[in-house]
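Asks: Take a look at this one; I'll ask things after.
The values are calculated or read from the model by the stated rules, or taken from the named source; none is laboratory data. No experiment lies behind these values; they were computed from the predicted model shown. Here Cβ is always computed from backbone atoms with ideal geometry, including for glycine, and neighbour counts include all displayed protein chains.
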Amino acid sequence: MAGKPWWQTGVIYQIYPRSFADADGDGTGDLRGVISRLDYLNDGTPRSLGVDAIWLSPFFPSPGFDFGYDVSDYCGIDPLFGTMADFDTLVAEAHRRGIRIVLDLVLNHTSHLHPWFIESRSARENPKRDWYLWQDPGCFGGAPNNWESVFGGKAWKWEPKTRQYYFHMFLEQQPDLNWRNPGVRKSAMDVFRFWLDRGVDGFRLDVANAYFKDSMLRSNPPALGIRGYERQRHVYDKDQPELLGVYREIRSILDSCGDRMAVGEIMGGMAEAVRYSRGGLLSLAFNFEFTDQRWSPRAFVKKIVAFEQALAGEGWPCYVLSNHDIPRHATRYGGRWTEARAKVAAAMLLTLRGTPFMYFGEEIGMRDGKIARAQIQDPPGKRYWPLYKGRDACRTPLPWNAFPGAGFTTGQPWLPLNPDFRKVNVGAQQEDPDSVLSLYRKMIWLRKKTPALQVGDFLAIGKSSDRALAYLRQTKSQTVLVALNFFDSACNLALKESLPAGSWRLLLSTHSADGAEPPAADRGIRLRPHEACIWEKT
Ligand code: GLC
């Protein structure tokens with residue numbers, strides 16, 4: 001698409017490297033595994049998925065307390081995942097296929113085993129002391145304030161040796177950096193430059209709006225919630241004004257290298273996502289209100305329209321349904337209709353105005369795995385079981401085929417394969433024209449050749465309904481209509497706007513083309529059970 005950057009027109013696919021493909025048989029996915037599957041992702045033909053970029057969750061050296069989100073060297077590769085040579089090969093091989101590479105930078109905190117923190121905790125006089133958030137005890141010798149860890153418990157850890165507390169928003173093995181220290185800021189910017197020089201095309205910024213905390217360390221006011229972190233309003237431990245200057249600096253580094261991007265993982269909801277992506281501060285920001293919706297067209301359209309209005313044309317939306325932190329949407333929404341709903345969800349995600357982010361496995365309608373208590377690896381899962389079982393279930397290995405090891409590994413997988421992997425796997429869906437995978441492929445390739453779907457305006461046209469959703473995507477020269485029936489009975493969706501005059505040509509349906517009824521102004525849009533249809537005005 002002339003004039004629009006790739007990260008607006010393209011589809012971005014998240015790979016959780018531990019679980020994607022294991023080339024060396026140790027049971028954990030690795031970079032060579034990813035390289036071996038690049039043709040599946042995009043070989044330049046509609047036989048492949050056709051994604052435009054991959055976002056790789058962290059593969060940097062890490063003791064693995066938070067499975068790589070605790071980094072001990074920002075410019076290296078953990079031997080578990082391979083070598084720098086493997087990484088360079090991955091970049092070259094991906095680029096050869098037109099696939100961009102997005103890295104996950106975890107710069108809010110480091111691992112407690114990062115050399116910076118080892119130095120910092122060694123003595124109060126150490127030059128790196130101020131690189132982290134060290135504090136004397138508060139009144140009565142307790143923690144400096146009431147801040148809670150996202151993963152449970154107090155966010156301050158007492159260090160007897162130097163008689164101060166340090167702050168950790170996540171695990172105590174993940175101390176938060178002090179972004180007000182110029183050395184920290186410079187070192188972080190050098191990390192961006194290091195990877196840009198190696199050919200990386202963009203970054204996902206982990207907990208991007210928590211880099212700064214209130215300089216006076218004021219306690220957060222209370223809120224209604226179940227777990228500790230949710231029982232506070234996070235006024236003082238994120239969203240501080242200094243953030244904007246850092247984003248501008250990141251922006252200028254990215255801009256100096258051409259069309260590189262940054263997408264922020266923004267803690268909070270739409271308001272925060274909008275604040276940081278308006279005006280192109282961050283290229284994109286995740287709006288997690290979208291993932292919180294129940295399976296209801298009315299609920300989704302409300303969020304879409306609100307996001308469109310709040311961005312007011314000054315930022316580019318992006319949409320995501322699943323990631324490595326939340327239950328997969330096939331599980332959240334599927335019930336008895338996993339496949340049918342996975343298709344409707346895909347048709348929505350891939351036709352909205354905004355960059356679609358996919359999570360590996362959603363293209364086969366993969367559900368969460370089954371994790372017995374003894375198999376739990378995720379720290380918050382261990383801590384809160386059975387109230388909260390952690391994130392392992394959405395991180396189980398991708399089944400490539402029905403053989404032992406599922407084509408994922410020749411060894412013992414690090415998390416159990418899904419019980420249904422013999423049925424739900426890539427191989428089983430590859431040649432089946434009606435599979436979820438085939439629909440994803442068709443949708444993504446259709447999107448590539450349909451400017452209205454990539455960049456066209458969005459206009460909801462169906463009367464607000466609890467069954468179905470319809471919208472137009474329009475450029476000056478093309479009008480496309482998307483209609484989605486969320487449920488398992490046929491429905492007739494009345495129109496609230498008049499249909500643009502003309503006749504309609506079916507571009508794609510989840511059902512047989514024969515039975516698809518073209519939309520008409522008087523009778524509205526008729527949809528078969530769980531049907532998703534895309535029409536173009538001729
Ligand atoms: C982000 C990551 C999550 C991780 C946390 C701490 O929310 O997505 O997986 O545990 O940051 O780094």
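Asks: Residue pairs, Cβ under 9 Å, 6 or more apart or interchain, first in the stretch 70-87 and on the phi > 0 side of the Ramachandran plot, second assigned to a loop (DSSP other than H, G, I, E, B) and acidic (Asp, Glu). List them.
Replies: Gly82/Asp24; Gly82/Asp30
Asks: Follow-up. Look at the stretch 317-335 and say how many of its residues are at pLDDT 95 or above and closer than 25 Å to Cys533 by Cα.
Replies: Going through the stretch 317-335 one residue at a time, the tally reaches 12.
Asks: Further question: Just need a number here: residues in the stretch 200-229 that are part of a loop (DSSP other than H, G, I, E, B), within 16 Å of the ligand (Cβ to nearest atom) and out of contact with any Asp or Glu (no Cβ under 7 Å at 6 or more places or on another chain).
Replies: Total satisfying the criteria: 2.
Asks: Assess whether Lys213 counts as being buried (at least 17 other Cβ atoms within 10 Å of the Cβ) and not assigned by TED's automatic domain parsing to the domain that holds Leu103.
Replies: no
Listed here are the residues, each with its yes/no results for (1) crowded, with 23+ Cβ neighbours inside 10 Å; (2) among the aromatic types (Phe, Trp, Tyr); (3) touching a Ser or Thr at 6+ places or on another chain (Cβ under 9 Å).
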{"residue": "Gly98", "(1), (2), (3)": "no, no, no"}
{"residue": "Ile101", "(1), (2), (3)": "no, no, no"}
{"residue": "Leu105", "(1), (2), (3)": "no, no, no"}
{"residue": "Thr110", "(1), (2), (3)": "yes, no, yes"}
{"residue": "His114", "(1), (2), (3)": "yes, no, yes"}
{"residue": "Arg124", "(1), (2), (3)": "no, no, yes"}
{"residue": "Cys139", "(1), (2), (3)": "no, no, no"}
{"residue": "Asn145", "(1), (2), (3)": "no, no, yes"}
{"residue": "Ser149", "(1), (2), (3)": "no, no, no"}
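Asks: Answer yes or no: is there a residue in the stretch 168-176 that is over 21 Å from Ile266 (Cα atoms) and within 13 Å of the ligand (Cβ to nearest atom).
Replies: Checking the stretch 168-176: at least one residue is over 21 Å from Ile266 (Cα atoms) and within 13 Å of the ligand (Cβ to nearest atom).
Asks: If you check Gly153, Gly98, which single one turns out to be at pLDDT below 95, among the small types (Gly, Ala, Ser) and either within 16 Å of the ligand (Cβ to nearest atom) or in the same structural domain as Pro46 (by TED's automatic domain parsing) (or both)?
Replies: Residue meeting the stated conditions: Gly153.
Asks: While we're on this one: Within the stretch 190-199, can one find any residue that is within 24 Å of the chain's Cα centre (by Cα) and assigned to a loop (DSSP other than H, G, I, E, B)?
Replies: Among the residues of the stretch 190-199, at least one is within 24 Å of the chain's Cα centre (by Cα) and assigned to a loop (DSSP other than H, G, I, E, B), which makes the answer yes.
Asks: Something else: Could you list, ordered by first residue, the pairs with Cβ atoms under 8 Å in which the first is in the stretch 197-208 and within 14 Å of Tyr276 (Cα to Cα) and the second is more than 13 Å from the ligand (Cβ to nearest atom) and part of a loop (DSSP other than H, G, I, E, B), at least 6 apart or interchain?
Replies: Going by the 8 Å Cβ cut-off, the qualifying pairs are Leu205/Leu282; Ala208/Leu282.
Asks: Exactly one of these conditions fails for Lys370: (1) over 15 Å from Tyr16 (Cα atoms); (2) in a loop (DSSP other than H, G, I, E, B); (3) touching a Lys or Arg at 6+ places or on another chain (Cβ under 8 Å). Give me its number.
Replies: Lys370 satisfies every listed condition except (3).
Asks: Separate question: Which one of the conditions (1) surrounded by fewer than 24 Cβ atoms within 10 Å (Cβ to Cβ); (2) within 16 Å of the ligand (Cβ to nearest atom) does Leu38 fail to meet, given that it meets all the rest?
Replies: Answer for Leu38: the failing condition is (2).
Asks: Next up: Can you pull out the residues in the stretch 115-126 that are in contact (Cβ under 8 Å) with a residue 24 or more places away in the chain and not in a helix (DSSP H, G or I)?
Replies: Ala123, Arg124
Asks: Here's something else I'd like to know. Just to verify a result, which residue in the stretch 478-498, among those that are under 32 Å from the mean Cα position of the chain (by Cα) and of a type in the set (S, T, N, Q), is nearest to Ala342 (Cα to Cα)?
Replies: Checking each candidate, the answer is Asn485.
Asks: Tell me which residues, restricted to the stretch 422-441, are under 19 Å from Ala345 (Cα atoms) and among the small types (Gly, Ala, Ser).
Replies: Answer for the stretch 422-441, where residues must be under 19 Å from Ala345 (Cα atoms) and among the small types (Gly, Ala, Ser): Ser435, Ser438.
Asks: Select the helices (runs of 4 or more DSSP H) contained entirely in the stretch 1-114, then report the ones holding at least 2 residues which are small (Gly, Ala, Ser).
Replies: Correct list: 31-36, 84-96.
Asks: Residues that are under 22 Å from Tyr440 (Cα atoms), more than 14 Å from the chain's Cα centre (by Cα) and in contact (Cβ under 8 Å) with a residue 12 or more places away in the chain: find the helices (runs of 4 or more DSSP H) completely inside the stretch 246-358 holding 2 or more of those.
Replies: 297-311, 329-333, 338-349
Asks: When you scan the stretch 392-399, do you find a residue that is of a type in the set (A, V, I, L, M), away from the ligand (no atom under 16 Å from the Cβ), buried (at least 24 other Cβ atoms within 10 Å of the Cβ) and part of a loop (DSSP other than H, G, I, E, B), even just one?
Replies: yes
Asks: So, Asp201, is that one charged (D, E, K, R), surrounded by 13 or more Cβ atoms within 10 Å (Cβ to Cβ) and closer than 30 Å to Asp86 by Cα or not?
Replies: yes
Asks: From the list Asp22, Asp43, Asp30, exactly one residue is among the charged types (D, E, K, R) and in contact (Cβ under 8 Å) with a residue 60 or more places away in the chain. Which is it?
Replies: Asp22
Asks: Can you tell me which residue in the stretch 282-309 is nearest to Lys238 (Cα to Cα), limited to those that are surrounded by 19 or more Cβ atoms within 10 Å (Cβ to Cβ) and touching a Leu at 6+ places or on another chain (Cβ under 7 Å)?
Replies: Selected residue: Ile304.
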